[in-house]
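> So that we are looking at the same thing, I have put the structure below in C-alpha cells.
Values in this text are rule-based calculations from the coordinates and carry no lab data. Predicted model only: the values in this text are computed from it and were never measured. Neighbour counts are summed over all protein chains in view; Cβ atoms, including those assigned to glycine, are modelled from backbone coordinates with ideal geometry.
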Amino acid sequence: MNVLGIETSCDETSAAVVADGRRILSNIVASQADLHARWGGVVPEVASRKHVERTLPVIHEALEAASIGWSDIDGIAVTNRPGLVGALLVGVSAAKALAYALNKPLAAVHHLEGHLYANFLAYPTLKYPFVCLIVSGGHTEILALRGEGERESMGRTRDDAAGECFDKSARLMGLAYPGGPIIDRLAAQGDPKRVPFPRAWIGDSLDFSFSGLKTAVRNFMIQDEGTTPVEDIAASLQAAIVEVLVKKTVRAAEKAGLDTVCVGGGVAANQGLKYAMERACRAAGLRLVIPPPELCTDNAAMIAAAAYPRLSRGQSDPLEFDTLATEPL
C-alpha cells in the first residue's frame with residue numbers, strides 16, 4: 001500500500017511516499033529555516049505563504065522521486081494537528097483536494113504520532129511494547145506504548161518544551177536561528193560543568209519544566225558580561241537539558257517494566273542527547289532506538305507511516321475534519 005504523506009505544521013513543507021508503512025520511497029523536505037532566520041524565529045504568516053508556494057511542487061517532486069504516478073497512490077495522509085493553524089490549513093487543503101479528485105481515502109494525523117512512527121521507519125523490525133520520549137520545539141512527553149493505539153502518558157512538560165528552551169536560550173546567548181543545532185555543535189567543544197545551571201526534577205514526577213532554565217540562562221548572560229566562553233555556556237546548558245531528559249526517560253522505562261526506549265522529535269537529532277541516552281540505556285540494560293536526523297525533524301514520511309495502520313484497515317477520515325492548533329496525543 002502506497003501512502004502519500006503531507007506535512008506543513010510549522011516551517012517545513014514536506015511530501016513523501018511510504019510503502020506498507022515501513023519502506024520510504026521518497027521523502028522531500030523544503031525548509032524555511034534560512035527565511036525565518038532574519039527574525040530569529042518562525043513567523044506564522046510568512047510560513048503559511050511559503051507553504052502555498054511550495055506544497056504542490058514538493059508533492060510532484062515526491063511522486064517523481066518515488067517513480068510512481070497518481071494511480072499508484074492508495075491513500076493520503078496529512079498533519080492536521082497540532083501546529084500553526086495557517087500552515088496546517090495549506091497542507092490539509094491540498095490533501096483534501098487530492099483525496100476528492102482522486103477518490104482516495106484520507107487520514108488526518110497528529111503530528112506527535114508521526115514522530116512516534118518515525119522509529120518504525122528507521123527500525124522496521126521494531127515491535128511493541130516500548131517507552132518513547134517525544135522531544136521537539138513544541139513538545140516534551142514520555143509515553144508508554146503497549147500496542148497499536150494503547151498509549152499512556154507518563155510525563156510531559158508543564159511549561160516550555162526542551163526544543164523551545166534550546167532555541168530561546170540560544171537567542172539569549174546571541175546565537176543565530178535555529179539555535180538548537182548551533183548549541184549542539186558548540187557544546188562538543190565546551191566544559192559542561194563550567195556553569196551550574198539548575199535541573200528541574202519536580203520531585204518524583206516524570207514531568208518536565210524548562211522555563212526556569214531559560215531564566216537562569218538570561219540571568220547568567222547579564223551577570224557574566226561575556227567573560228565565559230560561549231562553548232562552555234552551550235555545553236553547560238545542553239547538559240542541564242539532556243540530564244533531565246535521559247534520567248526521566250530511563251526511570252519511566254523501569255517504572256513501566258519495559259526494556260526498549262525510543263526517541264522522536266527534532267531534539268532527538270541532538271548528538272549530546274543521543275550519546276547520553278546510549279550510555280544510560282546501556283548501563284540500565286535497555287535497548288535504544290533513535291531515528292537518523294532526517295527522520296527526527298519534521299517530515300512527511302513519518303506522517304504517512306502513522307496513517308498506514310488505519311488506512312490498511314480501511315479506516316479513513318471524512319473530508320470535513322478540522323485543523324487544530326493544540327491537542328494532546
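> Using a 10 Å cut-off around each Cβ, can you sort T13, T157 from fewest to most neighbouring Cβ atoms?
T157, T13
> What distance in nm lies between label points placed 7 Å from Cα along the C-beta direction at R146 and E320?
If labels sit at R146 and E320, their model points lie 3.6 nm apart.
> What is the fewest-to-most order of T228, T55 by other Cβ atoms lying within 10 Å of their Cβ?
T228, T55
> Per residue of region 20-34, in order, report the coupling 6.51 cos²θ - 1.76 cosθ + 1.60 (Karplus, θ = phi - 60°) as ³J(HN,Hα) in whole Hz, putting x for Gly and Pro.
Values, residue by residue: 6, x, 9, 9, 7, 8, 6, 7, 9, 10, 9, 8, 10, 4, 5 Hz.
> Considering only Cα-Cα distances, which of the following residue pairs are longer than 22 Å: K248/K274; K214/K255; K247/K274?
Distance filter (> 22 Å) returns K214/K255.
> Using +1 at the C-beta of Lys and Arg and -1 at the C-beta of Asp and Glu, which of I6, A240, A37 has the Cα lying farthest in the positive direction of the dipole of the chain?
Going by the Cα projections, it comes out as A240.
> What number comes out for the charge environment of D224, summing +1 per Lys or Arg and -1 per Asp or Glu over other residues with Cβ under 15 Å away? Numbers along the way, then the final one.
Details: positive: R194, R218; negative: D191, E225, E231, D232.
Within the 15 Å Cβ shell, the charges total -2.
> Below 8 Å, C-alpha to C-alpha, sequence gap of six or more: please give me the relative contact order for the chain in percent.
Reported as a whole number, the value is 25 percent.
> Right, another one. With a 4.7 Å Cβ cut-off, tell me which Cys residues in the chain come up empty for a partner.
When partners are defined as cysteine Cβ atoms under 4.7 Å apart, the chain leaves C10, C165, C281, C296 without one.
> Sticking with this one: Using θ = phi - 60° and the Karplus curve 6.51 cos²θ - 1.76 cosθ + 1.60, what whole-Hz ³J(HN,Hα) does each residue of region 266-281 get, with Gly and Pro shown as x?
Values per residue, Gly and Pro as x: x, 6, 5, 7, 5, 5, x, 5, 4, 5, 5, 5, 4, 5, 5, 5 Hz.
> Considering only the other residues whose Cβ falls under 13 Å of the Cβ of I76, what net charge follows from Lys and Arg at +1 and Asp and Glu at -1?
Summing Lys/Arg as +1 and Asp/Glu as -1 gives -1.
> Which one of G203, Y128, A187 has its Cα pushed farthest toward the positive end of the charge dipole of region 121-210, where Lys and Arg give +1 and Asp and Glu give -1 at the Cβ?
The Cα lying farthest towards the positive end belongs to A187.
> Further, regarding this structure: With n ≥ 4 as the cut-off for DSSP H runs, can you work out [θ] at 222 nm for the chain, using -39500 (n - 2.57) per run divided by the number of residues, rounded to the nearest 500?
It lands at -14500 deg cm²/dmol.
> Could you please rank H51, H115, H60, H36, placing first whichever residue has the fewest other Cβ atoms within 10 Å of its Cβ?
Values: H51 27, H115 32, H60 12, H36 19.
Placing the least packed residue first, the sequence is H60, H36, H51, H115.
> Another question about this same structure. Below 14 angstrom from the Cβ of V17, what's the summed charge of the other residues (Lys, Arg +1; Asp, Glu -1)?
Around V17, the surrounding residues sum to -3.
> Continuing with this model, one more query. Which lysines, on any chain, are close to K96 with Cα under 22 Å apart, when same-chain ones fewer than 8 places away are left out?
Hits, sequence-local ones excluded: K50, K104.
> At L102 and T227, where each label point lies 7 Å from the Cα along Cα→Cβ, what is the point-to-point distance in nanometres?
Going by the 7 Å Cα→Cβ label model, 6.2 nm.
> Hey, what angle do you get for helix 211-224 against the long axis of the chain, alpha-carbon based, 0 to 90 degrees rounded to 10?
50 degrees
> Only loop residues by DSSP count here, and only those with at most 11 other Cβ atoms within 10 Å; note down the GluC sites (Glu not before Pro) in region 70-170 that meet that.
E148
> Enumerate by residue number the trypsin sites (Lys or Arg not before Pro) in region 127-194 meeting two conditions: DSSP loop (anything except H, G, I, E, B), and at most 10 other Cβ atoms within 10 Å of the site's Cβ.
Passing sites in region 127-194 are K127, K193.
> Quick query: amide H of A107 versus all other amide H atoms, modeled in the peptide plane; which residues come in under 5 Å with a sequence gap of 5 or more or a different chain?
For A107, the qualifying residues are I76, A77, V78, D317.
> Okay, next question. Give me the dipole magnitude in Debye, nearest 20, for region 128-290 about the Cα centre, with unit charges on the beta carbon: positive for Lys and Arg, negative for Asp and Glu. List each step's numbers first, then the result.
Numbers: 20 positive and 20 negative charges, 40 e Å.
My answer is approximately 200 debye.
> I would also like to ask the following. Once R0 is set to 22 Å, what does the formula 1/(1 + (r/R0)^6) return for the Cβ-Cβ distance between K255 and K127, expressed as a FRET efficiency to the nearest 0.05?
Numbers: r = 21 Å, r/R0 = 0.93.
Once rounded, the FRET efficiency stands at 0.60.
> Additional query: How big is region 128-290 in terms of Cα radius of gyration and Dmax, in angstroms?
15.6, 52
> Could you give me the ³J(HN,Hα) list for region 242-256, computed from phi with Karplus coefficients 6.51, -1.76, 1.60 and θ = phi - 60°, whole Hz, x at Gly and Pro?
Working through the residues one at a time gives 5, 4, 5, 4, 5, 5, 6, 5, 4, 5, 5, 5, 5, 5, 7 Hz.
> Compute the projected area of the convex hull of the Cα atoms of region 1-76, averaged over all viewing directions, and report it in nm² to one decimal place. Intermediate values should be presented prior to the final figure.
On the way: hull surface 20.3 nm².
Averaged projected area of region 1-76's Cα convex hull equals 5.1 nm².
> What does the convex hull of the Cα atoms come to per residue for the chain, in Å³?
Cα convex hull per residue, to the nearest whole number: 122 Å³.
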